[in-house]
Amino acid sequence: MTTLQPIEAVEQLYPVRIERTALREDSGGPGAGAAGSVSRASADPGGGLAAVGARREGGAAAASASAGGAAGATNRFWVRRNGQRAQSSPLPGKVSGFPLELGDVLLMESSGGGGFGDPLERDPERVGSRRWREGYVTSAAAEAIYGVVLREGAPDAAATAARRASLRATRLRVRVIAGAGLDAQSGREVRLSPEVATRLGVAPGAVVEFVNPRGAPLRAWVVGPVASAAGGGAVAELAPIALRMLAGTDVSCGGNSRHPYRGVVTAH
């Protein structure tokens, strides 16, 4: 059963009744990310046995963005039973032979595409007339993510300008420097200054994303605080190879203040 099969065919082949199929609001990555879909189906075993299995990717890692955009929503697949979420599998998007009961509801939400471009640079008219009116984004997301304030379905120019200025001012910008001992085989690592870790609400083991206005973002695992020699303020330490990926320049370890990259970092 694929996400976009005809409803009539699904109901003939499988013991389910499709209750809803629609665009998944706010699933496309901020910028210009494609929306996913949402489907809701009730189980109707008809006195027999029924089980569900799923092999979906994108349940843990969201689709990457580029040029200042943000990641899309991850895949979600779950079963609602008696108003509660049933634990169908410990692995996101991976389910095998989970038995269904009469009245169970399957909820399938496909992932959204990664966004392209800074969402605060999107044309307010396109956000309002297309993405909101056609069901891609909610009015709350239009204001909170794109900075577009809608009044009776149309962008309010003055309120939008003020909202976007406010959102830009709250973005966490960091000075990114080269750090030693971060070339780990298990994955890309980053050290964060206490100011950055506190602003993001992250601890060692969390994943953060550096938004790159010139290309693809960079994700890294937090492993601890920056070295004392890095100085104060909003600072992050990455391996030299990671710095080259962000800025396209060669940076030696210890180049604390000469690296030109100033980027936005977010918790992922």
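Throughout, read-outs are computed from the coordinates displayed, never taken from laboratory work. Every value quoted in this text rests on a predicted model; they were computed, and no experiment measured them. Reconstructed Cβ throughout: ideal geometry from the backbone, glycine too, with neighbour counts over all protein chains shown.
A few points about this structure:
- Structure remark: mean-square fluctuation, Gaussian network model of the chain, C-alpha springs under 10 Å; the largest value among Ser129, Ser27, Ser39 belongs to Ser129.
- Ordering Leu102, Ala41, Trp78 by the projection of their Cα atoms onto the charge dipole of the stretch 7-109, which places +1 on the Cβ of Lys and Arg and -1 on the Cβ of Asp and Glu, puts Trp78 at the extreme positive end.
- Database remark: amide H of Gly33 closer than 5 angstrom to the amide H of Phe116 (H placed geometrically; neighbours at sequence offset of 5 or more, or on other chains; Pro and chain starts carry no H).
- Long-range amide H partners of Leu172 with built H, under 5 Å: Val265
- Exposure rule at most 14 other beta-carbon atoms within 10 Å, DSSP loop trypsin sites (Lys or Arg not before Pro): the chain longest free segment: 1-132
- ³J(HN,Hα) computed for each position of the stretch 151-159 - Karplus, 6.51 cos²θ - 1.76 cosθ + 1.60, integer Hz, glycine/proline x: 10, 6, x, 10, x, 8, 4, 5, 5
- Among Ser193, Ser139, the order by Cβ neighbours within 10 angstrom, fewest to most, reads Ser139, Ser193.
- Spacing of the two label points (7 Å from each Cα toward its C-beta) at Gln185 and Arg130, in nm: 4.8 nm
- Here the extension length gained between Glu195 and Ile241 equals 14.1 nm, from 0.36 nm per residue of separation less the Cα-Cα distance.
- Modelled spin-label separation between Ser166 and Ala86, with each label point placed 7 Å from Cα along the Cα-to-Cβ direction: 4.4 nm.
- FRET efficiency for Ser96 and Ala61, using Cβ-Cβ distance with R0 set to 22 Å, rounded to 0.05: 0.60
- Residue-by-residue Karplus 3J(HN,Hα) for the stretch 90-106, coefficients 6.51, -1.76, 1.60, Hz, glycine and proline x: x, 9, x, x, 10, 9, 9, x, 6, x, 9, 10, 4, x, 4, 10, 8
- If the segment from Arg151 to Tyr14 were pulled out straight at 0.36 nm per residue, it would be longer than the present Cα-Cα gap by 44.9 nm.
- Estimated translational D of the stretch 119-170 in µm²/s (Stokes, Kirkwood radius over Cα pairs; 10 °C; 1.306 mPa s): 152 µm²/s
- Other residues whose C-beta falls under 13 angstrom from the C-beta of Val208 contribute a net charge of +1, scoring Lys and Arg +1 and Asp and Glu -1.
- Net charge contributed by nearby residues that have their C-beta within less than 11 Å of Leu167 (K/R +1, D/E -1): +2
- Working note: Karplus 6.51/-1.76/1.60 with θ = phi - 60° gives the stretch 216-223 the couplings 6, x, 10, 9, 8, 8, 6, 10 Hz, where Gly and Pro are set to x.
- Solution diffusion estimate, µm²/s, Stokes-Einstein, the stretch 90-193, Kirkwood Rh from C-alpha pairs, 25 °C, viscosity 0.890 mPa s: 136 µm²/s
- Scanning residues 5 or more positions from Val137 or on other chains, those with amide H under 5 Å from its amide H are Asp26, Trp132, with H placed 1.01 Å from N in the peptide plane.
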